[in-house]
Amino acid sequence: MSHVNERGLISVISSLNEKVQAELKFPAKLEEINGDFVLNIGKEHLRTAVLFLKDTSGLDFDYFSFVTAVDRHPQSPRFELIYNFYSTKHHHWIRLKTLLQDGEQIETISDIFKGANWHEREVFDLFGIKFTNHPDLRRIVTSDNWYGHPLRKGYSHTGEPAWAVGTNVLQNVAESGIPTQSSRVKAEEPTRRIILNMGPQHPATHGVLRLAVELEGEKILNCVPHIGYLHTGIEKLSEHHNWTQNVTHYARMDYASPMNNEFAYSLSLEKLIPGLEVPKRAQYIRVMMSELTRIISHLVWLGTHAMDIGAQSVFLYCFAEREKIVDLYEMIGGQRMMTSYIRIGGCAFDMPEDFPEAVRAWAKDFLANLKICEDLLTENPIWRERTVGIGILSKDDALSYGVSGPMARGSGIDFDLRRDGPYSSYEEFEFDVPVENGCDVYSRYLVRIEEMKQAYRIVLKALEKIKETEPGTYLSKQYKYAPPRREDINSSIEELIHHFKYWTDGIWVPEGEAYAFIEGSKGELGFYCVSNGTSHPVRVKVRGPSFSNLSPISEMARGHLVADLVAIIGSIDIVLGEVDR
């Protein structure tokens, strides 16, 4: 488990080892890598191991996080297949790892964890690994006529063909017999059933999302989401650029909460680099900015969600409040959105002297202004009619799909990574985790409203804690991994050389792997980073919450009306830049 003390980690590994050795009937090696459990098994035992982790009392890995792959070409076996799970009961993480030769197939686990459906499709699309018995194995973020699999080594980041690398790298999907996007939804008899394309240009899809909706009259019989229209290839670009350059990519994924993406990436590298300590002042500043970012994101969600359903004045109130926090962004980071303020080892620079006063000035009126929105919506009979009982996602389905954040807490799952796996000194902050059991659009609304109040509470507490720290201690002094301060450059030729090497070559991260996460505004936002000891990543996997949170929309929409689908999409709070990456 990440973020536990060493003795606690050893105790949990020992307990897990006992269960693995006693109950698994095949070879399995459990090890600790940078604070995480990693269970290595053969591919033929994958499903047995997953069921063991899920169903064994004392383990209870009930939450599906992600599936991804690492291409180790020219090594053999070529691929590492990585599965990540979490126990909401015991707050343990585990990575399950198996090796595959090029061309080998492996059985799906999408019947065990529903969320694996989309994640396995992504691995197939980007790496070419096929999953037998998968119910819908087809491309998910690239187009039907895409050649090859872009995250294979040797496939150029510019999109140029890589003729010489691997087998079937340039196999056209049309020649492979794999179903295309357009073939998946077909109206059946009687002919009054029709297929309606909602998006990708529809404003209520909150980005370039296409929903192929099968209708009988106004009733939704089936709803198949098509993503990938905003695919930016960020994970491929991460391999092309060095570790320090990559900070600029991630804020552009979830552009509604940009600083949180920088935060999660930095935590992953700080976990991968032994001995890299982030000063307390920087930790508290990160917490403060992360919570302000959470409020920004929730204000964008509330304003646009309410406008979708018809409450247009709420949009104006929300964006007026958002504007004030965006001014704080500009004050501390120099930009209104993409600041690249949170860096590996701390923050880009200290906060201005008058920043605490500006934050308190914002805080003075925030709760009163938020209450205006609550008064307009919470007990409004039209709002309740449009949200109560709509878009039901049960607790079990939410866990199986890997749904997190307000979506999960709106389905009765008491799970918040700030409390259950604290990072950046979150264990020093007191806050409540709102949970609702309605499992519907209205419950997700209530959770996010309360989360803004709790974020406000954390921001003010962070200001008090920052005041107790030494000014100027906003960045690690381990200059091998963090740029020297200006005053140090002026007084030391060694630090000037460090400065030059940092910004030209980037940092050389020790060989290894690490997964770090934060409780983003939409849920579990994590980065799985793999290094071979050079200045460029072998792999950066972004576990964006929007991707998993969107995947159960078919189940949530079935049986509702088209107008309800608008409310359901809004309640998920997706950003397509993060879904597609």
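The values are calculated or read from the model by the stated rules, or taken from the named source; none is laboratory data. Fair warning: this is a prediction, and the values are worked out from it, not measured in the lab. Reconstructed Cβ throughout: ideal geometry from the backbone, glycine too, with neighbour counts over all protein chains shown. With ligands, DNA and RNA removed, areas are computed over all heavy atoms of the protein, side chains included. Shrake-Rupley method; radii C 1.70, N 1.55, O 1.52, S 1.80 Å.
Just one of the numbered conditions (1) touching a residue at least 60 places away in the same chain (Cβ under 8 Å); (2) in a strand (DSSP E or B); (3) open to solvent by less than 30 Å² (accessible area, probe 1.4 Å) is not true of LYS236: (2). The set of residues from region 239-275 being open to solvent by less than 10 Å² (accessible area, probe 1.4 Å), part of a loop (DSSP other than H, G, I, E, B) and of a type in the set (A, V, I, L, M) comprises ALA251, MET253, ILE273. Considering region 263-274, and only residues there that are out of contact with any helix residue (DSSP H, G or I) (no Cβ under 6 Å at 6 or more places or on another chain) and not hydrophobic (A, V, I, L, M, F, W, C), the residue that is modelled with the lowest pLDDT turns out to be PRO274.
If you go through region 187-196 one residue at a time, do you hit one that is under 26 Å from SER76 (Cβ atoms), at pLDDT below 90 and open to solvent by less than 80 Å² (accessible area, probe 1.4 Å)? No, region 187-196 has no match at all. Restricting attention to region 373-405 and to residues that are more than 26 Å from CYS223 (Cβ to Cβ) and open to solvent by 70 Å² or more (accessible area, probe 1.4 Å), the residue that is farthest from the chain's Cα centre (by Cα) turns out to be PRO381.
In the condition set (1) touching a helix residue (DSSP H, G or I) at 6+ places or on another chain (Cβ under 6 Å); (2) open to solvent by 20 Å² or more (accessible area, probe 1.4 Å); (3) closer than 24 Å to CYS347 by Cα, PRO484 is compliant with all but (2). Do we find that VAL538 is in contact with a Leu (Cβ under 9 Å, 6 or more places away or on another chain) and outside any helix (DSSP H, G or I) in this structure? So VAL538 does not fit the description; no. Listed here are the helices (runs of 4 or more DSSP H) enclosed by region 287-389 that have at least 2 residues being under 22 Å from LYS467 (Cβ atoms) and not basic (Lys, Arg): 312-333, 355-377. Could you count how many residues in region 410-446 are open to solvent by less than 30 Å² (accessible area, probe 1.4 Å), in a helix (DSSP H, G or I) and farther than 16 Å from PHE517 by Cβ? Going through region 410-446 one residue at a time, the tally reaches 5. Exactly one residue out of ASP354, ASP327 is open to solvent by 50 Å² or more (accessible area, probe 1.4 Å), under 21 Å from GLU262 (Cβ atoms) and modelled with pLDDT of 90 or more, and it is ASP327.
Quick grid of which residues meet (1) touching a helix residue (DSSP H, G or I) at 6+ places or on another chain (Cβ under 6 Å); (2) aromatic (Phe, Trp, Tyr); (3) open to solvent by 10 Å² or more (accessible area, probe 1.4 Å):
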residue: ALA516; (1), (2), (3): yes, no, no
residue: LEU525; (1), (2), (3): yes, no, no
residue: TYR528; (1), (2), (3): no, yes, no
residue: ARG539; (1), (2), (3): no, no, no
residue: GLY544; (1), (2), (3): yes, no, no
residue: ILE568; (1), (2), (3): yes, no, no
